[in-house]
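The values are calculated or read from the model by the stated rules, or taken from the named source; none is laboratory data. Just so we're clear, the structure is a prediction, and the values are computed from it rather than from any experiment. Note that we place each Cβ from the backbone using ideal geometry, even for glycine, and neighbour counts take in every protein chain shown.
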Amino acid sequence: MSVELITLGTAAGPAFRGPENGISSALVVGDAFYMVDFGMGCSRAAHEAGLRGKDLAAGFVTHLHSDHVVELPGFLLWNWGNPVDGFTTPVSVLGPGKDATRPAGETLSGTRELVSHALQAFSYDIDIRVHDEARPDLASLLHTVDLDTPAHGSPEAARPFDVYEDDRVKVTGILVEHPPVRPALAFRFDTDAGSVVFSGDTAECDSMAVLASGADVLVHEAVNLDFYAGKGFAPEFLNHQRISHTPPEGAGRVASAAGVGRLVLSHLAGRADPAWWGSRAASTFDGPIDVAVSGQRFGVGRPVLARA
Ligand SMILES: [Zn+2]
């Protein structure tokens with residue numbers, strides 16, 4: 001079975017600081033694909049990459065910052081039903097549950113409520129299309145799961161846990177450090193042909209190396225702290241970037257510790273030349289490094305011919 005990674009969008013947000021789409025990746029495994037995060041522009045990027053909703057098996061959300069989920073409703077609405085070559089059979093959407101560490105956490109939406117509230121917000125359109133276009137009921141096709149994650153700081157939090165499995169992939173997750181967002185997750189996809197790990201948003205942390213151990217490809221976030229420091233942003237904002245994200249040297253250290261075959265930098269926060277990102281990561285990782293752009297394709301495990 002062929003496996004291909006497509007970095008549909010590589011930008012952090014929520015802001016437009018360059019031409020790249022918001023953070024989103026697809027993993028194509030045989031004739032099915034899996035989405036990881038749904039940043040701004042992911043629906044068009046997926047379409048232009050040749051991905052069609054009828055082949056969507058599951059979507060995964062690393063955490064609930066808006067730059068990772070803002071287009072989840074749009075992606076579902078643009079990929080649902082026969083008229084758009086969309087899905088007509090059940091699709092899983094899995095992500096973090098409510099944040100139990102926040103005082104008002106129970107009143108704030110986890111992944112299930114994010115989806116259910118979106119369906120409610122678009123209920124008029126959905127009802128019209130079910131009756132006017134003979135589309136299947138969207139809600140009944142979506143199997144949305146708030147993942148049961150270990151408590152932050154518990155011994156179990158340092159170990160991978162099962163997330164999802166079908167006949168093509170086994171997905172595991174681990175808690176990562178993206179304060180104050182909890183839970184924040186990284187995901188690992190293991191297939192017959194190879195393995196790909198997505199960091200989501202995280203500071204440099206040991207858990208990433210645990211999850212990514214021996215993986216073929218590590219897709220890791222990176223931040224250019226100097227970019228933000230030079231913009232005159234508030235100290236609180238700069239502190240968030242420092243304690244919640246990873247400089248490229250840190251992504252390289254994680255890749256080295258995990259012994260991965262390739263490091264793909266994505267979710268690039270703050271602008272810099274590709275050579276800036278790449279050289280800094282290369283100072284701590286000897287393997288191949290890519291500074292990903294939107295729509296870039298990577299064969300996993302063995303070469304995969306690019307599709308038109
Ligand atoms: Zn984030």
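Hey, could you check segment 206-231 for residues that are touching a residue at least 60 places away in the same chain (Cβ under 8 Å) and more than 20 Å from GLY59 (Cα to Cα) and say which is surrounded by the most Cβ atoms within 10 Å (Cβ to Cβ)? Here the answer is VAL223. Could you list, in sequence order, the residues of segment 43-71 that are within 16 Å of the ligand (Cβ to nearest atom), in a helix (DSSP H, G or I) and in contact with a strand residue (DSSP E or B) (Cβ under 7 Å, 6 or more places away or on another chain)? Selection gives ASP67 alone.
Annotation note: of ALA134, ALA157, the sole residue that is away from the ligand (no atom under 16 Å from the Cβ) and surrounded by fewer than 15 Cβ atoms within 10 Å (Cβ to Cβ) is ALA134.
Among the residues making up segment 72-90, a single one is under 18 Å from ASN21 (Cβ atoms) and assigned to a loop (DSSP other than H, G, I, E, B): ASN79.
Considering segment 195-205, and only residues there that are surrounded by 24 or more Cβ atoms within 10 Å (Cβ to Cβ) and more than 12 Å from the ligand (Cβ to nearest atom), the residue that is nearest to the chain's Cα centre (by Cα) turns out to be PHE198.
Taken over segment 244-262, the residue count meeting the criterion of being of a type in the set (A, V, I, L, M), more than 16 Å from the ligand (Cβ to nearest atom) and crowded, with 24+ Cβ neighbours inside 10 Å is 3. For segment 50-71, a residue qualifies if it is out of contact with any Phe, Trp or Tyr (no Cβ under 9 Å at 6 or more places or on another chain) and surrounded by 19 or more Cβ atoms within 10 Å (Cβ to Cβ), and the qualifying residues are HIS63, LEU64, HIS65, ASP67. Exactly one residue out of THR144, THR172, THR111 is out of contact with any Ser or Thr (no Cβ under 9 Å at 6 or more places or on another chain), surrounded by 13 or more Cβ atoms within 10 Å (Cβ to Cβ) and under 22 Å from ARG188 (Cα atoms): that is THR172.
PHE187 passes all but one of (1) within 18 Å of the chain's Cα centre (by Cα); (2) free of Cβ contacts under 8 Å to residues at least 40 places away in the same chain; which number fails? Against the list (1) within 18 Å of the chain's Cα centre (by Cα); (2) free of Cβ contacts under 8 Å to residues at least 40 places away in the same chain, PHE187 comes up short only on (2).
Applying a threshold of 7 Å to beta carbon distances and a minimum spacing of six or more residues, or different chains, the list of pairs starting in segment 232-245 at a residue that is at positive phi and ending at one that is among the polar types (S, T, N, Q) and within 15 Å of the ligand (Cβ to nearest atom) is empty. Does VAL293 count as at pLDDT below 95, part of a loop (DSSP other than H, G, I, E, B) and surrounded by 14 or more Cβ atoms within 10 Å (Cβ to Cβ)? In short, no. Does segment 37-60 include one or more residues that are among the hydroxyl-bearing types (Ser, Thr, Tyr) and in contact with an Asp or Glu (Cβ under 7 Å, 6 or more places away or on another chain)? Yes, because at least one residue in segment 37-60 is among the hydroxyl-bearing types (Ser, Thr, Tyr) and in contact with an Asp or Glu (Cβ under 7 Å, 6 or more places away or on another chain).
The number of residues in segment 72-97 being within 16 Å of the ligand (Cβ to nearest atom) and surrounded by fewer than 21 Cβ atoms within 10 Å (Cβ to Cβ) comes to 0. Restricting attention to segment 7-19, the residues that are more than 16 Å from the ligand (Cβ to nearest atom) and surrounded by fewer than 24 Cβ atoms within 10 Å (Cβ to Cβ) total 3.
In segment 147-156, is there at least one residue being at pLDDT below 95 and over 19 Å from THR62 (Cα atoms)? Checked segment 147-156: at least one residue is at pLDDT below 95 and over 19 Å from THR62 (Cα atoms). The lone criterion from (1) within 15 Å of the ligand (Cβ to nearest atom); (2) over 27 Å from ALA121 (Cβ atoms) left unmet by LEU211 is number (1). Selection of segment 91-148 for residues being of a type in the set (Asp, Glu) and in contact (Cβ under 8 Å) with a residue 40 or more places away in the chain yields ASP99, ASP125, GLU133, ASP146, ASP148.
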